[in-house]
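To start, the structure itself, in structure tokens.
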Amino acid sequence: MTSILSNEELNQQIRNVSHEIRNHLSICDMYSQIIKKNLEKYEIHNSSIENAIECIQQSIKIIGTNLLELKSLNQNNPQILDFEKIVKTGAEMSKAYICDKNIEFEVYVKNTALINADETKLLSCITNIIKNGIEAIEIKGKISVLAEIKEDKGIIKITNNGKPIPKDKQETIFEQGYTTKKTGSGLGLAICKRYLGEQNITLELAKSTKTQTSFEIKIPITK
Ligand SMILES: Nc1ncnc2c1ncn2[C@@H]1O[C@H](COP(=O)(O)OP(=O)(O)O)[C@@H](O)[C@H]1O
Ligand SMILES: [Mg+2]
């Protein structure tokens, strides 16, 4: 039997779940800081571990911001950011999704400028799009993240090979709930569209052919 929750019950449920997520996030945060301190203490220089810790901490920040959004306390929080840094951070975080696939991962940032954007939301969109690219590759393939400042815009082009998106679905992919994956939610691209749209940033499927699928993000630069 299905039961419909009242608003009050739903709010309570959101508070409970947020509380539990927050508790466990703080454990992840604490331990990642302990690992970082120990690396420093014992003078261990390992760029792969340092990078993993940075990515974990950035993800913790994104989850934290999303929890605030759930409580409707958080509006957009635009900051002045370096375009190159945000692209490289997003790409680095997304590499975690490669797991054991054989994927060549190319990141190239041609030039940089300052942009005005909500850091966690922008990172969350970049990682969502790269994650989709990685998921579209079955076993072996290539992802490229190419970025440049051109005509007053920061342009990020995320390309993968793999199965293309059929022509008649190229608009539908941005709708909430549309997924072709067994365990997909169909939320990723809808969230990206909303998060970016709120900030005057555009997201488009630039092309999807037999050989390549590319998404393009265009961010106005700060003058
Ligand atoms: N890079 C891509 N290559 C091929 N198909 C894609 C790509 N990105 C998105 N899609 C298609 O769009 C659908 C919706 O993506 P998304 O909103 O992120 O939800 P989910 O990843 O949970 O399926 C995917 O299920 C897939 O069919
Ligand atoms: Mg997705």
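The values are calculated or read from the model by the stated rules, or taken from the named source; none is laboratory data. Quick caveat, the model's predicted, so the values are computed rather than measured. No Cβ is skipped: glycine too gets one built from the backbone with ideal geometry, and neighbour counts run over all protein chains shown. Ligands, DNA and RNA are excluded from the accessible area calculation, which covers all protein heavy atoms including side chains. Shrake-Rupley method; radii C 1.70, N 1.55, O 1.52, S 1.80 Å.
The condition of being in contact (Cβ under 8 Å) with a residue 12 or more places away in the chain, within 13 Å of ligand 2 (Cβ to nearest atom) and under 17 Å from residue 122 (Cβ atoms) holds for only one of 217, 158, 149, 201, that being 158.
Scanning region 51-102 for residues that are assigned to a helix (DSSP H, G or I) and hydroxyl-bearing (Ser, Thr, Tyr), which turns out farthest from residue 135 (Cα to Cα)? So the residue we want is 65.
Tallying residues that are more than 9 Å from ligand 1 (Cβ to nearest atom) and either surrounded by 20 or more Cβ atoms within 10 Å (Cβ to Cβ) or in contact (Cβ under 8 Å) with a residue 40 or more places away in the chain (or both) within region 184-196 yields 2.
Assigned by TED's automatic domain parsing to the domain that holds residue 134 and either surrounded by 13 or more Cβ atoms within 10 Å (Cβ to Cβ) or under 19 Å from the mean Cα position of the chain (by Cα) (or both), is that true of residue 60?
Taking the combined requirement at face value, the residue does not satisfy it.
Within region 166-182, take every residue that is open to solvent by 100 Å² or more (accessible area, probe 1.4 Å) and either closer than 25 Å to residue 211 by Cα or of a type in the set (Gly, Ala, Ser) (or both) and give me the one that is nearest to ligand 1 (Cβ to nearest atom).
180
Tallying residues that are open to solvent by less than 10 Å² (accessible area, probe 1.4 Å) and more than 12 Å from ligand 1 (Cβ to nearest atom) within region 142-159 yields 4. Could you check, for region 60-75, whether at least one of its residues is modelled with pLDDT of 95 or more and either of a type in the set (Lys, Arg) or over 30 Å from residue 117 (Cβ atoms) (or both)? Among the residues of region 60-75, not one is modelled with pLDDT of 95 or more and either of a type in the set (Lys, Arg) or over 30 Å from residue 117 (Cβ atoms) (or both), which makes the answer no.
Residue-level analysis places residue 70 among those that are aliphatic (A, V, I, L, M), in contact with a helix residue (DSSP H, G or I) (Cβ under 7 Å, 6 or more places away or on another chain) and surrounded by fewer than 16 Cβ atoms within 10 Å (Cβ to Cβ). In this structure, residue 199 does satisfy being more than 8 Å from ligand 1 (Cβ to nearest atom), modelled with pLDDT under 95 and either closer than 20 Å to residue 79 by Cβ or open to solvent by less than 70 Å² (accessible area, probe 1.4 Å) (or both). Selection over region 159-178 of residues that are more than 26 Å from residue 108 (Cβ to Cβ) and hydrophobic (A, V, I, L, M, F, W, C) gives a count of 1. Applying the set (1) open to solvent by less than 60 Å² (accessible area, probe 1.4 Å); (2) farther than 19 Å from residue 84 by Cα; (3) away from ligand 2 (no atom under 13 Å from the Cβ); (4) of a type in the set (Val, Ile, Thr) to residue 211 leaves exactly one unmet item: (1).
Contact map, region 3-16: residues that are under 20 Å from residue 67 (Cα atoms) paired with residues that are aliphatic (A, V, I, L, M), Cβ distance under 7 Å, separation 6+ or inter-chain. Pairs shown: 13/5; 14/70. Considering only region 125-141, state which residues are away from ligand 1 (no atom under 12 Å from the Cβ) and either surrounded by 24 or more Cβ atoms within 10 Å (Cβ to Cβ) or of a type in the set (Val, Ile, Thr) (or both). Answer for region 125-141, where residues must be away from ligand 1 (no atom under 12 Å from the Cβ) and either surrounded by 24 or more Cβ atoms within 10 Å (Cβ to Cβ) or of a type in the set (Val, Ile, Thr) (or both): 126, 139. Answer yes or no as to whether residue 118 is more than 16 Å from ligand 1 (Cβ to nearest atom), among the acidic types (Asp, Glu) and open to solvent by 50 Å² or more (accessible area, probe 1.4 Å). Taking the combined requirement at face value, the residue does not satisfy it. Only one of 84, 92, 20, 43 is of a type in the set (Asp, Glu), modelled with pLDDT of 95 or more and not assigned by TED's automatic domain parsing to the domain that holds residue 140; which? Only one candidate passes the filter, namely 43.
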